[in-house]
Amino acid sequence: QVQLVESGGGLVQAGGSLRLSCAASGRTFRRYLVGWFRQAPGKEREFVAAISWSGGSTYYADSVKGRFTISRDNAKNTVYLQMNSLKPEDTAVYYCAAREAPYSNLSWEYNYWGQGTQVTVSS
């Protein structure tokens, strides 16, 4: 069982940066692939980024590639999402999720979810 708690969201101007954190409980966290998803009002939840259990492999949606960086610190049971050059279209609730399986960008294939953190980018 894994419990996830996101933090770090907020209001930022276009071009600015934020760093989201996903803190996990559970001794086996290091075995889990962790992903970030986001959901804007009236839109479906979409994949943003994911990182393998070791941190050796990372995956990004085309819309954030080159601007966002996902990383993890297994000693701290935490995954980060560094978001740079933010755009108004990045505005959404951001969720972290975990699965004890290989990479997937499909939200329904993730077993554990956090409560989400709001990111708002003003123009």
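What is the local net charge at L86, summed over the other residues whose Cβ is closer than 13 Å to its Cβ (Lys, Arg +1; Asp, Glu -1)?
After counting each charged neighbour, the total is +2.
Round to a whole number: what % of the accessible area of the range 20-123 belongs to carbon and sulfur, probe 1.4 Å?
Of the solvent-accessible surface of the range 20-123, carbon and sulfur hold 47 percent.
Show the residues, 5+ positions off or on another chain, whose built amide H is closer than 5 Å to the amide H of Y112.
Sorted by chain and number, the residues that satisfy this are A98.
Please identify every one of the GluC sites (Glu not before Pro) in the range 22-123 that sits in a loop by DSSP and has no more than 14 other beta carbons within 10 Å of its own beta carbon.
Listed in order of number, the matching sites are E44, E100.
How far is it, in nm, from the label point at V5 to the one at R67 when both lie 7 Å from their Cα along the line to the Cβ?
In this crude label model, V5 to R67 measures out at 3.0 nm.
For A23 and Q118 in one chain, what is 0.36 nm times their gap in residues minus the Cα-Cα distance, to one decimal in nm?
Full extension from A23 to Q118 adds 32.6 nm.
So for the chain, averaging the separation of alpha carbon pairs under 8 Å that are six or more residues apart and normalising by length, what relative contact order in percent results?
Relative contact order for the chain comes out at 36 percent.
Please give the per residue accessible area of the chain, computed with a probe of 1.4 Å over protein heavy atoms only, in Å².
Ligands and nucleic acids excluded, the result is 51 Å² per residue.
The values are calculated or read from the model by the stated rules, or taken from the named source; none is laboratory data. Quantities reported herein were computed from a predicted structural model and do not represent experimental measurements. Glycine gets a Cβ as well: all are built from the backbone with ideal geometry, and neighbour counts include every protein chain shown. Heavy atoms of the whole protein, side chains included, go into the accessibility calculation; ligands, DNA and RNA do not. Shrake-Rupley method; radii C 1.70, N 1.55, O 1.52, S 1.80 Å.
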